[in-house]
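The values are calculated or read from the model by the stated rules, or taken from the named source; none is laboratory data. A quick note: this is a predicted structure, and the numbers were derived from the prediction, not measured. So basically every Cβ, Gly included, is an ideal-geometry build from the backbone, and we count neighbours across all protein chains shown. Just so you know, the surface numbers come from the protein's heavy atoms only, side chains and all, with ligands and any DNA or RNA stripped out. Shrake-Rupley method; radii C 1.70, N 1.55, O 1.52, S 1.80 Å.
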Amino acid sequence: MGTNGHAGTGEGTRTSTGAARYDLPEIDDFTRPYWDAAAEGRLLLRRCGACARAHHYPREFCPSCWAGEDRVTWEAASGRATLYTWSVIHRNDLPPFGTRVPYVAAVVDLAEGPRMMTEVVGCPEGDLRIGMDLEVTFREAAEGVWVAVFRP
């Protein structure tokens, strides 16, 4: 994952077998603490020491007041969130999403304030409700790479 939180090339990440995958981050020195914490079952946020606002996805600066990286630090999130919106995905041709359909792509409001794009797991589509309480859990996307998803 680049500092913007997304694979930057549009070509996906290649596995050791050379297969393209579109669900794996490009981990760099800046984002490594985030991914290491995820592998331990912890969700990290960044918090600004100048304006006190938390943000997610991880950035080296504060997107609210533009304070530099010397004022923004890592912080453990509570793991609590509420469902802001969702969409049930029935078709996705990018590997490996096609093997997971249908799945619930979602945006959640973290208890600390930031909104986060994620996936809701362990909940039938018909039970999803805006504002429902969710908690973070982690799914191993590839060996040693864990991603945050949410469940009721």
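Below, the figures for the structure above:
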| read-out | value |
| --- | --- |
| Mean separation of Cα contacts under 8 Å, 6 or more apart, over the residue count of region 29-146: relative contact order % | 25 |
| Simple spin-label estimate for ARG21 and ALA50 in nanometres, 7 Å along Cα-Cβ | 3.7 |
| The chain: most fluctuating residue of VAL88, VAL136, VAL121 per GNM, C-alpha cutoff 10 Å | VAL88 |
| Student exercise, the chain dipole from Lys, Arg, Asp, Glu Cβ charges, in Debye to nearest 20 | 280 |
| Accessible surface, the chain, averaged per residue in Å² (probe 1.4 Å) | 55 |
| Within a Gaussian network of the chain (alpha carbon springs, distance under 10 Å), most fluctuating of ALA52, ALA81, ALA19 | ALA19 |
| Rounded percent of accessible protein surface that carbon and sulfur make up, the chain, 1.4 Å probe | 50 |
| DSSP loop GluC sites (Glu not before Pro) with at most 12 other Cβ within 10 Å: longest gap in the chain | 61-142 |
| Top of LEU44, LEU94, LEU83 by mean-square fluctuation, Gaussian network on the chain, Cα under 10 Å | LEU94 |
| Accessible area, probe 1.4 Å, largest first, for residues ARG151, ARG115, ARG59 | ARG115, ARG151, ARG59 |
